[in-house]
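J.: Just passing along the structure, written as structure tokens.
The values are calculated or read from the model by the stated rules, or taken from the named source; none is laboratory data. Not measured: the values here are computed from a predicted model. For neighbour counting, all protein chains shown are included, and Cβ atoms are generated from backbone atoms with ideal geometry for every residue, glycine included. Ligands, DNA and RNA are stripped out before the accessible areas are found, and what is left, the full protein with its side chains, is counted by its heavy atoms. Shrake-Rupley method; radii C 1.70, N 1.55, O 1.52, S 1.80 Å.
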Amino acid sequence: MSDHGSTRRSINSRLPPEVNRILYVRNLPFRITAEELYDIFGKYGAVYQIRLGDKSRDTRGTAFVVYEDIYDAKRAVDHLSGFNVGGRYLVVMYYQPAKFQRRADAEEKKKELEELRRQIKLKKSQMANSNNDE
């Protein structure tokens, strides 16, 4: 094995485990465009992809920014967290799929629980009505 490979590995081992190429950005101005995001995030390295949240849903004001290089992503997080864009301070963090999945699972369970409560309430009112008819 070459010296270059071991040097690369030792550099990689210095990065915290949560560091990755995909960034999750919150608190964006609702009217920001993907082109404006490319201008802002492109200053820190080659951006592979940007996905803006849907303007009509809970995801508005958010985006995913994918860098080609993990070190560029780290520099962007270091420099752009708290950066003021359109009067709003950006929240830039590394995308952590496990956290997002847990949040989605929790929201799903909450919806199921609300539906069960609604059904129980309906059943109770039906039972009360049938008891009143007797």
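J.: Going by the conditions given, is Ala98 loosely packed, with under 10 Cβ neighbours inside 10 Å and either at pLDDT 85 or above or within 26 Å of Glu18 (Cβ to Cβ) (or both)?
T.: Here the answer is yes, as Ala98 does meet what is asked.
J.: Being open to solvent by less than 80 Å² (accessible area, probe 1.4 Å) and among the acidic types (Asp, Glu) is the requirement here; does Asp54 meet it?
T.: Taking the combined requirement at face value, the residue satisfies it.
J.: I would also like to ask the following. Taking Tyr48, is it of a type outside the set (A, V, I, L, M), touching a residue at least 60 places away in the same chain (Cβ under 8 Å) and closer than 23 Å to Asn20 by Cα?
T.: No: the conditions fail for Tyr48.
J.: Return the total of residues in the range 54-81 being without any contact (Cβ under 8 Å) to a residue 24 or more places away in the chain and outside any helix (DSSP H, G or I). Full working, then the answer.
T.: So the first thing to find is which residues in the range 54-81 are without any contact (Cβ under 8 Å) to a residue 24 or more places away in the chain, and the list is 54, 56-59, 78, 81.
With outside any helix (DSSP H, G or I) added as a condition, the list becomes 54, 56-59, 81.
Qualifying residue count, the range 54-81: 6.
J.: Filter the range 13-45 down to the residues that are surrounded by fewer than 16 Cβ atoms within 10 Å (Cβ to Cβ) and in contact (Cβ under 8 Å) with a residue 60 or more places away in the chain, then identify the one that is nearest to Gln96 (Cα to Cα).
T.: Within the range 13-45, the match that is nearest to Gln96 (Cα to Cα) is Glu18.
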